[in-house]
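> Mind looking over this structure? Questions follow.
The values are calculated or read from the model by the stated rules, or taken from the named source; none is laboratory data. Quantities reported herein were computed from a predicted structural model and do not represent experimental measurements. Here the Cβ positions follow ideal geometry from the backbone for every residue, glycine too, while neighbour counts run over all protein chains shown. Just the protein is used for accessible areas: all its heavy atoms, side chains included, with ligands, DNA and RNA removed. Shrake-Rupley method; radii C 1.70, N 1.55, O 1.52, S 1.80 Å.
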Amino acid sequence: MAKRDIPEINAGSMADIAFLLLIFFLVTTTMEKDTAYIRYIPQKLDSPIPPPEIEQRNIFEIRANAANRLMIRGKIIENPDDISERVLEFYRMNRNLTASQTAAYIKNPSYKGIDFPFYSRVTMDEVKRKINENLDELDKAEAEEKDDFITFYDKMVKNWQKKEQALKTLKVNELIEIHPQAHIRVVVQQKTEYRLFAKIHSEIQEALVELRNEAAEKYFGESYSKMRKRLDQDKEDKKGDGKKIKALEVLYPESIIEVKPKG
Amino acid sequence: MSKFRKENKKGAPGVNTSSLPDIVFMLLFFFMVATTTKESDPTVEVTRPEGVSATDLTPYKQRSEIDFLYIGEPRNSKRAADFKLGHALFLDNVAQPQPGELYSTNSIASWKQDKWNSKPPNMNEPISNVITCIKADKGVPTILIFDIREALQEIDALKIAYAVEDKSAY
């Protein structure tokens, strides 16, 4: 059989097709990434349990007024960039105290860190005991069909289980954790601009990431931000970053209360 | 003068365009990789505030675990007076009766619930884990953010995200 020439395909319009696709993608997409601060709204309770008394030292209050001026723990702050340093101070002040130092300083009103939250140590046995205690309470609440109590104790059980997991991941015998009531409180007024509200969250996040980075370097020899990024890329979590990240978030939780402006 | 005239008039040789598709495809792939799809063009003016260390929402977006809502001054300034403090909402992917329809904060709960009900079957996150991303303009009074939070609290959609423009160096 004679060799027949294969006719060439005319590729002249290929460029047109590619251009068309290109322009379609140019129009429907954006270069900018969506970046945000993830926060949680507290669950709505039908009959709110009265909040427990919180010691002043465990509250880190950031106030912003309608004229976009800031106040931290009762003092006026001119530069919003200082918030993160103040948050770090709040977390770090009493962090490196030993158990006996903590016991001594907590009663000493002239100690410089008296107005800052103290850290406590929780051992594995205690965590396990707490889990069982709360499970018993949960059973009781379920028997009595009190919905709010069920949600409350359910949360408590999950909370302690997280700590148990964190202890295992960090491979330590006791968890040095900030006072569970220590929190950052954001109080704004109705007309405070969102710009400032976002700035406050930005500063808080900056401080928390720094604290978690430190802890991550100490326990895992790698930074928290790096692990976060890797986890985002790798859904199967081959390196076990998920657990580590959770443990770090137990060490430095995002306890932020955002207070609805009144009036 | 004929001495100087060229003998045979040749036109300029044609440019070889056979590699043009390759170049354009290269550009195309670059844009496909480097960009993300826009969810919609809001009809409210939104300039995001700046922040650092923000979480990248791309992984959530890929799993469609996220709903966007925009809040800012309406582009059509005549309509500003219809809304609380002159700032309206624009909800993404809503079946809009008219183009450019804007909403007040009391429409959030039904929007979120509708969106959740019409999620693809492979998306089995409970509503409390589906992020509501608030893209608010710099100048939005914070009370409106709290109104949104309250509306979301009613339907147990408890995870929210405050969008910012991330200025931290990568």
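> Calculate for the protein assembly as shown the 222 nm mean residue ellipticity that helices alone would give, adding -39,500 (n - 2.57) per DSSP H run of length 4 or more and normalising by residue count, nearest 500 deg cm²/dmol.
Values: 12 runs with 168 residues, N = 433.
Dividing the helical sum by the residues of the protein assembly as shown leaves -12500 deg cm²/dmol.
> Which order do A:ARG212, A:ARG228, A:ARG69 take when ranked by solvent-accessible area (1.4 Å probe, heavy atoms of all protein chains), largest first?
Values: A:ARG212 0, A:ARG228 60, A:ARG69 115 Å².
I get A:ARG69, A:ARG228, A:ARG212, largest accessible area first.
> If you rank A:VAL259, A:VAL122, B:VAL15 by how much accessible surface each has, with a 1.4 Å probe, what is the order from largest down?
B:VAL15, A:VAL259, A:VAL122
> Given chain B, report the % of alpha carbon pairs whose separation exceeds 20 Å.
Numbers: 9010 of 14365 pairs.
Cα-Cα pairs of chain B separated by over 20 Å account for 63 percent.
> How big is the accessible area of B:PHE30 in square angstrom, nearest 10, if you roll a 1.4 angstrom probe over the protein chains?
Roughly 110 Å² of B:PHE30 is accessible to a 1.4 Å probe.
> Taking 8 Å as the Cα distance limit and 6 or more residues as the minimum spacing, I'd like the relative contact order of chain A as a percentage.
On the way: 275 pairs, mean separation 60.8, N = 263.
Relative contact order, chain A: 23 percent.
> How much accessible surface area, in Å² rounded to 10, belongs to the heavy atoms of A:PHE24 with a 1.4 Å probe?
Solvent-accessible area, nearest 10 Å²: 120 Å².
> Stokes-Einstein D for chain A at 4 °C, 1.567 mPa s, Kirkwood Rh over Cα pairs, in µm²/s?
Values: Rh = 22.5 Å.
D, rounded to a whole number, is 58 µm²/s.
> Now for a separate question. What relative contact order, as a whole-number percentage, does chain B give when Cα pairs under 8 Å and 6 or more residues apart are counted?
Relative contact order, chain B: 28 percent.
> May I ask for the net charge around B:VAL140, where only other residues with Cβ less than 9 Å from the Cβ of B:VAL140 are counted and Lys, Arg are +1 while Asp, Glu are -1?
Working: positive: A:ARG195, B:LYS138; negative: A:GLU193, B:GLU73, B:ASP137.
Result for the neighbourhood of B:VAL140: -1.
> Is the shape of the stretch A:139-263 rounded, prolate or oblate, going by the alpha carbon gyration tensor and its root eigenvalues a ≥ b ≥ c, with a/c under 1.5 for rounded and a/b larger than b/c for prolate?
Numbers: a/c = 2.00, a/b = 1.08, b/c = 1.85.
Taking the square roots of the gyration eigenvalues as a ≥ b ≥ c, the stretch A:139-263 is oblate.
> Shielding of A:16-27 by partners, i.e. mean partner chain Cβ atoms within 10 Å per residue?
Details: counts 3, 3, 10, 6, 2, 7, 9, 2, 2, 9, 4, 1.
Per-residue shielding by partner chains comes out at 5.
> From the protein chains alone at 1.4 Å, what is the descending order of accessible area for A:TRP160, B:TRP116, B:TRP111, largest first?
On the way: A:TRP160 35, B:TRP116 85, B:TRP111 10 Å².
Accessible-area ranking of A:TRP160, B:TRP116, B:TRP111, largest first: B:TRP116, A:TRP160, B:TRP111.
> Would you check the accessible area of A:GLU254, probe 1.4 Å, heavy atoms only, in square angstrom rounded to 10?
Counting only protein heavy atoms, the figure is 60 Å².
> Next up: Report, to the nearest 10°, how far helix A:147-170 tilts away from the longest principal axis of the Cα atoms in chain A, using its own Cα long axis and a range of 0 to 90°.
Value to nearest ten degrees: 80.
> Taking springs between alpha-carbon atoms closer than 10 angstrom, which of A:LEU88, A:LEU45, A:LEU22 fluctuates most in the Gaussian network model of chain A?
Ranking A:LEU88, A:LEU45, A:LEU22 by mean-square fluctuation puts A:LEU22 first.
> Can you list the trypsin sites (Lys or Arg not before Pro) in the stretch A:95-170 that are in a DSSP coil and have 13 or fewer other beta carbons within 10 angstrom? Don't skip to the answer; put the middle values down first.
Details: sites: A:ARG95, A:LYS107, A:LYS112, A:ARG121, A:LYS128, A:ARG129, A:LYS130, A:LYS140, A:LYS146, A:LYS155, A:LYS158, A:LYS162, A:LYS163, A:LYS168; in loops: A:ARG95, A:LYS107, A:LYS112, A:LYS146.
Here the sparse-neighbourhood loop sites are A:LYS107, A:LYS112.
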